[in-house]
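The values are calculated or read from the model by the stated rules, or taken from the named source; none is laboratory data. Nothing here was measured: the structure is a model prediction, and the numbers come from that model. Note that each Cβ is placed from the backbone with ideal geometry, even for glycine, and that neighbours are counted across all protein chains shown.
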C-alpha cells in the first residue's frame, strides 16, 4: 500500500501501481486470479493498494498471458534495456523461470539471450560474481551489431563459455534430479546390504575356493593349480607377494608385461622348485643376478628389448640345469657365448639382428631365423635341429667335410643363392627350402638317405632338377616352379612298400606334355594334374615306347638374361639313360658331356676358351656363365645309348625384358630415366644455385656501394655538426663570459663605493649614531636596489643567451636527425648501422660534449664566497639560488653595513666557486678587493650538472 501526500505526484504513482497490477495479473493469469488497484482517502491522505480478485475467465494461453506480448510495445526487448531485464533477474544475476516471469516460451528465450548479451557487454557489472570466466580475452566487453545476432551463433550452454545463461531450475528438472539422487542412494544401499548378508554356506564355499587358489591382483592360477601361475603387468614387489600367497612351491611362472626395465634373478631364488619362467611383451632391457637357481629348466625372454649378449651369457651360468632358452624378438646384434659351460640344449634366437654367432657346444636345437647372418661360421655340426630361414646367406659351404651326422630337421626357407647346395646329413628327416631363389637342384649332392619330408614350395625360378629322391620319402611338395620335366627316376617305383603312402604335390607353369618326358609321374599319377593339363592317361604314358630321343622342337627358343648365368636343358629320354654331349653349332666345338650312370662330367677335347664360358651341370644341362651377344647361337644336344644316337638343336637368345621391367634398380629403361631425371635435377639445382649466388653477390655489391655512400654522407654530416657545435660553444661561452665580467665589475664598483662611504663616516659614529644609522640604512637600501637591478639584468641576459644556445643546439640536432632518417629510407639501412658509423666518426665522446655544456653553464655562475667589506666578518656565507637555474646570486647588506650573499636553503643544490681574497685594516675598516679573474671553476664537493 502506498500513501500519497502530494496531489501532483499522486496521479503518477497511481498510474505506476495500475501498470504493476496489470503485469501481475497477466503473470498470474494461468492460476485464474487477477489484481486491481484500490484507492482510499483518509484524513487528507490517499492510499493506493493492489488487491487480488478471482478471474472468471480461467486460464489462458501463453501468448495471451505474456506481459511482453500483451503490452503492444513497438520496440522489441533489447540487451541494452538493463532496467527492464533486471526485473526478471535475482540479485545474483540468475534469470527467473517462466513460472515466475509469466512470459511465453519465445519471450523467455529472448529474455535469457538479452541477459547474456548484456552481461558480456559489461552492462550488469558484477552481478554474476565469480561464476563467469572473465580471464584472458574475455575480460574485454563484447558487443553485437544487432539484437538478433545471438540467434545466428551456435548454442553452447557449457559453464564458462560466452553462451552460458544462469537459469533457475524449473520444477520438472528439480524433481528429476531429486529422483535420480534417490535412485543412486537406493542402489548403493542395496550393494552394501548384499555384501553384508552373505550366507554362511556361501562364505564357507568361498573360503574353500580361496584356500584352493588364492587371488592376487594381476595374477591367476592356470588349471586351478597354485604351482602354475600366470601374471599380467607386475613388478618385483608383486613377486614378493606371490611368495607370500602361493608359497615357494611354484613350478611354472608366466609373466606378461614386466613393468620394470631391469630384472634381477635373485628375487626368484626363493622359488626353490621353479622349473619354467616365461616373460613376454615387456620392456625388459637388462639382466643381472648373483644367486644360482638349481631347478630352472626353461627360460623364455621373448618380445623384449634385450641387446647385451654378455648379460645373457652370465645369466646362463646361474642356471646349471637350464635346457631351453628363448630370446626371440629382441635387439641382439651378436651372440657369442661359445665359452660358457652349460647344459643348454635348445636355443631360440629368431627375429633379432644377429650378424655374428657363437653358441655353446651343448646346444642341439638352434633357431636363428629372421636375422642378418651372411655365413655359416660357428654353426655346430652336432646339431639335431637347425632353422636358418630368412637370413642373408649368399652361398652354401662347398667343403666336403662339412656334414651334420645328427641333424634331423633343417629349415632353410628364403635362401638367396641360385646354384644348388651340398648337404651330407645321414639322419635328416625333414628338409624345408620354401621360397628359395634356386634355379638348379642336384639331389646327387643332397645325401639324405633317411629323408621323409621335402618341402620346396614357391620356387619361382627353379628350372632344372637332377638326381632322385631317396626311397624313404613319404611327403613331397614342389610348387610354383618353371620346370618343364623331372628325371625319369626322380621318384622310386611304386613296387616298394615304402612308397605306397607317398604324398606328392607338384605344380609348374611350363610343363612339357610328352609321354616319354612324363615317365616320372607314373608312381604318383593320381596326385598330379597331368590328366587335366596334358589330357594323357596313366596307361598311355606307361605304354609309350621311349628307347631314345630328344625333345627340342616343342621347347621353342630358350632365353637368358644379359650377363646372368643361364642353363639350357636337354630334354632327352631313353632306356637305359643316355649319355648327353653338348656342342656349339657355329663354330662347331664340343662343350662337354655328362654320363648319368656314373654321374660324371667330362670336358675331354674342350678348349680352355669354351670352358671359361660354358660348363655342364649334373643332369646334363648346359650352363652359360655370363651370356652376351657372342653366346647367341644354336646349341646341339647329342644323346647316345645302346639303342643308338639322337640329337636336338636348341636356339638361345638374350632376353632384354628386364631392361624395361618395373624394378627400377635392375631396369635399364627406368634406370636411364631416373639418371636423366637426376641429371636434370642436378642441373636445375646448379642453375638455381648460380642464379641465387649471382643475385646474392650483386646484392652485396650494391649494398656495399650504398653503405659506402651512407658512410661518406654520415661522415660529412658529423663533421659539419661537430664544427657547428664547436662554434656555438665558443660563441656562447664568450658572450656569457662578457656578461659575467660586466656583472663582477659592477659588483666591485658598488663594493668600493660603499666601502669608501663607510670609511668616511666611520669616525662620526660615536657622535652622530642616529644620523649615521639612518644614512647607512639609506645607503644600504640604495645599494640593495642597485644590486638587485644589476642581478636581474644579468640573470635575464644569461637566460636569454642560454635559451638561444639551446635553440641552436636543438635545431642542429633536428637537422642531423632528419638527414639520418632521410638517408635510412633512401638507402635502406638500419639505425644500428648508422649508430655504429656515428660512433666511429664522432670527433669527441659524449663526455666531451657534456663538458662543453658544463663550461657554458659555468660561465653563468658567480663565486661562492665574496670578500667581506668589513674585516670583522671572518666566515663567508654560502650563495643562495634564485628561481632560475642560471640566475645570478642575490646579495644583501646586514645590520652592520656589510655586503654578504643571501643564505641558501639546505634543500637546494649548491654550486661552489673559488673564494676571493680579502684584506683588513688595523683599525677595523675593511677594504674590498676585486674578485678572482681566473674564471669560474667547480668546487670539489659540488655535484655534477
Among the candidates 628, 643, residue that is within 14 Å of residue 566 (Cα to Cα) and either assigned by TED's automatic domain parsing to the domain that holds residue 579 or surrounded by 15 or more Cβ atoms within 10 Å (Cβ to Cβ) (or both): 628
Identify the residue in segment 205-228 that is at pLDDT below 75 and surrounded by 10 or more Cβ atoms within 10 Å (Cβ to Cβ) and, among all such residues, is farthest from residue 253 (Cα to Cα). 205
Among the residues of segment 432-451, write down those that are crowded, with 18+ Cβ neighbours inside 10 Å and in a strand (DSSP E or B). 432, 440, 441, 442, 446
So which of 383, 454, 428, 373 is under 26 Å from residue 598 (Cβ atoms) and either assigned by TED's automatic domain parsing to the domain that holds residue 334 or not in a loop (DSSP other than H, G, I, E, B) (or both)? 454
Just wondering, is there one or more residues in segment 516-525 that are under 60 Å from the mean Cα position of the chain (by Cα) and outside the structural domain of residue 636 (by TED's automatic domain parsing)? no
Checking the structure you have, find out if any residue of segment 221-233 is closer than 19 Å to residue 303 by Cα, in a loop (DSSP other than H, G, I, E, B) and either without any contact (Cβ under 8 Å) to a residue 40 or more places away in the chain or touching a strand residue (DSSP E or B) at 6+ places or on another chain (Cβ under 6 Å) (or both). yes
Failed condition for residue 513, given (1) crowded, with 19+ Cβ neighbours inside 10 Å; (2) under 19 Å from residue 541 (Cβ atoms): (1)
Which residue is surrounded by the fewest Cβ atoms within 10 Å (Cβ to Cβ), if the candidates are limited to segment 374-405 and must be under 20 Å from residue 354 (Cα atoms) and at pLDDT 90 or above? 385
Return yes or no: is residue 573 within 30 Å of residue 543 (Cα to Cα) and surrounded by 11 or more Cβ atoms within 10 Å (Cβ to Cβ)? yes
Qualifying residues in segment 499-515 (those that are over 60 Å from the mean Cα position of the chain (by Cα) and farther than 16 Å from residue 488 by Cβ) - the one modelled with the lowest pLDDT: 500
Quick one: would you say residue 406 is within 20 Å of residue 360 (Cβ to Cβ) and part of a loop (DSSP other than H, G, I, E, B)? yes
Residues of segment 618-644 classified as assigned to a strand (DSSP E or B) and either in contact with a helix residue (DSSP H, G or I) (Cβ under 7 Å, 6 or more places away or on another chain) or within 13 Å of residue 582 (Cα to Cα) (or both), total: 10
Restricting the search to segment 731-769, which residues are farther than 29 Å from residue 796 by Cβ and either at pLDDT 85 or above or not in a helix (DSSP H, G or I) (or both)? 761, 762, 763, 764, 765, 766, 767, 768
If you check residue 650 against the conditions, is it assigned to a strand (DSSP E or B), touching a helix residue (DSSP H, G or I) at 6+ places or on another chain (Cβ under 8 Å), surrounded by 13 or more Cβ atoms within 10 Å (Cβ to Cβ) and in the same structural domain as residue 557 (by TED's automatic domain parsing)? yes
What is the residue count in segment 249-277 for residues that are within 12 Å of residue 238 (Cβ to Cβ), touching a strand residue (DSSP E or B) at 6+ places or on another chain (Cβ under 7 Å) and in a loop (DSSP other than H, G, I, E, B)? 2
Among the listed residues 418, 429, identify the single one that is in contact (Cβ under 8 Å) with a residue 60 or more places away in the chain and within 28 Å of residue 617 (Cα to Cα). 418
Buried (at least 20 other Cβ atoms within 10 Å of the Cβ), within 44 Å of the chain's Cα centre (by Cα) and within 21 Å of residue 402 (Cβ to Cβ): is that true of residue 330 in this structure? no
Kindly indicate whether any position in segment 540-556 is over 28 Å from residue 642 (Cα atoms) and in a loop (DSSP other than H, G, I, E, B). yes
Any chance residue 573 is in a strand (DSSP E or B), touching a residue at least 12 places away in the same chain (Cβ under 8 Å), more than 26 Å from residue 607 (Cβ to Cβ) and in the same structural domain as residue 605 (by TED's automatic domain parsing): yes
Of the residues that sit in segment 653-696 and are out of contact with any helix residue (DSSP H, G or I) (no Cβ under 9 Å at 6 or more places or on another chain) and touching a residue at least 12 places away in the same chain (Cβ under 8 Å), which one is surrounded by the fewest Cβ atoms within 10 Å (Cβ to Cβ)? 653
